[in-house]
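Read-outs: derived from the displayed coordinates by stated rules, not from any lab. These numbers were taken from a predicted model, which means no experiment stands behind them. All Cβ positions, glycine included, derive from the backbone under ideal geometry; neighbour counts span all protein chains shown.
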Amino acid sequence: MKIVYVLQSLKRPRSTYVGITEDLERRLAEHNEGKSRSTARYKPWMVAVSIRFADEKMAEEFERYLKSGSGRSFLKRHFRPSPDSGQPTRVNG
């Protein structure tokens, strides 16, 4: 089972990170401990979106898509921070 996840910085809510893992709790802890060079600068992080995949190849393809230009647009369009809380909000259409 693979999990594709999107993190949102609590320090800088417009900053996000897309990754893939088998253990989301462990991976989030690593990001918040500064163990990932690409996310250490804007820690702490929270999980904004996570999707579990039974098919590993499909998970890897979806992660690559979310890291692409159109994937980033998809995330901004459908999962943007709420203006009041900085928490992600599901956006309809």
Please go through the residue pairs Lys11/Lys57; Lys43/Lys76; Lys35/Lys67 and name each one whose alpha carbons sit more than 22 Å apart in this structure. Lys11/Lys57
Can you compute the equivalent ellipsoid semi-axes for segment 2-90, i.e. the square root of 5 times each eigenvalue of the Cα gyration tensor, sorted largest first and rounded to whole Å? 19, 17, 11
When you count, for each residue, the other Cβ atoms within 10 Å and take the mean per peptide, how do 18-26, 4-12 rank with the highest first? 4-12, 18-26
